[in-house]
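Undergrad: The structure is given below, and queries will be raised subsequently.
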Amino acid sequence: MAISGVPVLGFFIIAVLMSAQESWAIKEEHVIIQAEFYLNPDQSGEFMFDFDGDEIFHVDMAKKETVWRLEEFGRFASFEAQGALANIAVDKANLEIMTKRSNYTPITNVPPEVTVLTNSPVELREPNVLICFIIKGVRKSNAAERRGPL
């Protein structure tokens, strides 16, 4: 079965364009990040701007105002906290929609089951040798069968 020239030519053009993207890629020197979060059931949100890993400002949701990390930032720039509050309101609405779509099935916090296997009986305030520390689930139910070197 012969391959027609049109698909081969199309593949060649795509390959050339894809390889050119690498050479045309923008190498960033600085990165500005806008991060916003809404947490439920805490009913709290966070909105902040970050420049190269350093916070520029965040919005205090309780006071509904912009809090600059350095006072000098607020002298040459401004940010209306109402814009952040509107974004957080959208985040809250989106979270409520997603919660409804998931049938309101919150994850229940279960305390971890801890099993400590020692070399000899444990005595408080005396040095002990810890053989094994298991956080969750052991297949064998008999403690005697679980002992042994690991």
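Undergrad: Could you run through region 79-110 and say how many residues are surrounded by 10 or more Cβ atoms within 10 Å (Cβ to Cβ) and not in a helix (DSSP H, G or I)?
TA: Within region 79-110, residues that are surrounded by 10 or more Cβ atoms within 10 Å (Cβ to Cβ) and not in a helix (DSSP H, G or I) number 2.
Undergrad: Next up: Restricted to region 18-50, and to residues that are modelled with pLDDT under 75 and outside any helix (DSSP H, G or I), which residue is nearest to M61 (Cα to Cα)?
TA: Taking region 18-50 and keeping what is modelled with pLDDT under 75, we get 18-26.
Filter again for outside any helix (DSSP H, G or I), leaving 25-26.
Values: A25: 38, I26: 36 Å.
Going through the qualifying residues, I end up with I26.
Undergrad: Output the residues belonging to region 51-71 that are assigned to a loop (DSSP other than H, G, I, E, B), surrounded by fewer than 16 Cβ atoms within 10 Å (Cβ to Cβ) and touching a helix residue (DSSP H, G or I) at 6+ places or on another chain (Cβ under 9 Å).
TA: Hits for region 51-71 are K63, K64.
Undergrad: Looking only at region 93-115, which residues are in contact with a strand residue (DSSP E or B) (Cβ under 6 Å, 6 or more places away or on another chain) and aliphatic (A, V, I, L, M)?
TA: Once the filter is applied, which keeps residues that are in contact with a strand residue (DSSP E or B) (Cβ under 6 Å, 6 or more places away or on another chain) and aliphatic (A, V, I, L, M), region 93-115 yields only L95.
Undergrad: Look at A15 and say whether it is surrounded by 10 or more Cβ atoms within 10 Å (Cβ to Cβ), modelled with pLDDT under 90 and either outside the structural domain of I97 (by TED's automatic domain parsing) or part of a loop (DSSP other than H, G, I, E, B) (or both).
TA: Spelling it out, A15 is indeed surrounded by 10 or more Cβ atoms within 10 Å (Cβ to Cβ), modelled with pLDDT under 90 and either outside the structural domain of I97 (by TED's automatic domain parsing) or part of a loop (DSSP other than H, G, I, E, B) (or both).
Undergrad: Just one of the numbered conditions (1) assigned to a helix (DSSP H, G or I); (2) modelled with pLDDT under 90 is not true of E113; which one?
TA: (1)
Undergrad: While we're looking at this one, here's another question. Filter region 95-130 for residues that are in contact (Cβ under 8 Å) with a residue 12 or more places away in the chain and polar (S, T, N, Q) and give the result.
TA: If the condition is that a residue be in contact (Cβ under 8 Å) with a residue 12 or more places away in the chain and polar (S, T, N, Q), then T99, T115, T118, N119 are the ones that fit.
The values are calculated or read from the model by the stated rules, or taken from the named source; none is laboratory data. The structure displayed is predicted, hence computed values, not measured ones. When we count neighbours, we look across all protein chains shown, and the Cβ atoms used for this are built from the backbone with ideal geometry, even at glycine.
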